[in-house]
Amino acid sequence: MAHIKAKIGKEHYITEIVAGNNMIISDEPVSEGGNGEGFSPFYLLAASLGSCTAITLRMYADKKGWDLESCEVNIAFDQENGTSVFKKDILLIGDLNDEQKQRLLMIADKCFIHKILTNSIEINTGLI
């Protein structure tokens, strides 16, 4: 099980997020009362999907020995009538044929975060 600690003090809304030896800052934009010093929670969620997709594509292309120079994953996130909508656009750079590109497009939806977001989610909240 992954363990993440998010800690906020009195300063609006800077949050320190720690996972193992790694730390990032989350914050709200200035327009929402924050200082704009880090990713907002919405952007962190979208960033998780984008980075997981890119890593999954890199792993698959490496395993197959395909010439994937780089890939860029662009995520747009919005809420429409109570439904969260992610739009994921992928740019593949390298000497890839159409069949390889189509296979990578299919693999993009197999990343762990994509699977989490498209399946049932249960959140159990308690005090420590």
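The values are calculated or read from the model by the stated rules, or taken from the named source; none is laboratory data. What you see is a predicted model, and the numbers here were worked out from it, not measured in a lab. All Cβ positions, even for glycine, are placed from backbone atoms using ideal geometry, and neighbour counts span all protein chains on display. Remember, those area values only see protein heavy atoms, side chains included, never the ligands or the DNA or RNA. Shrake-Rupley method; radii C 1.70, N 1.55, O 1.52, S 1.80 Å.
Structural remarks
- Ranking L44, T83, Q102 by Cα position along the charge dipole of the stretch 24-112, where only Lys, Arg, Asp and Glu carry charges on their C-beta atoms, puts Q102 farthest toward the positive end.
- Using θ = phi - 60° in the Karplus curve 6.51 cos²θ - 1.76 cosθ + 1.60, the 3J(HN,Hα) couplings for the stretch 80-85 round to 10, 6, x, 10, 7, 10 Hz; x is entered for Gly and Pro.
- Among L92, A2, S26 the positive-end extreme of the charge dipole of the chain (Cβ point charges): A2
- For the options S31, S70, S51, a Gaussian network treatment of the chain with springs between C-alpha atoms closer than 10 Å singles out S31 as fluctuating the most.
- R0 of 30 Å, Cβ-Cβ distance D95-I121: FRET efficiency to nearest 0.05: 0.15
- Listed values (i) 22.1; (ii) 16.9; (iii) 16.4, entry calculated as Kirkwood radius over Cα pairs in Å: (ii)
- The chain - percent of accessible surface contributed by carbon and sulfur, probe 1.4 Å: 53
- The residues of the chain present an accessible area of 76 Å² per residue when probed at 1.4 Å with all protein chains retained.
- Helix 41-64 vs. the chain, principal-axis angle (Cα, 0 to 90°, nearest 10): 30
- In nm, spacing of pseudo-spin labels at Q79 and N35 (7 Å Cα→C-beta vector): 2.6
- Cysteines having no other Cys beta carbon under 4.7 Å from their own, within the chain: C71
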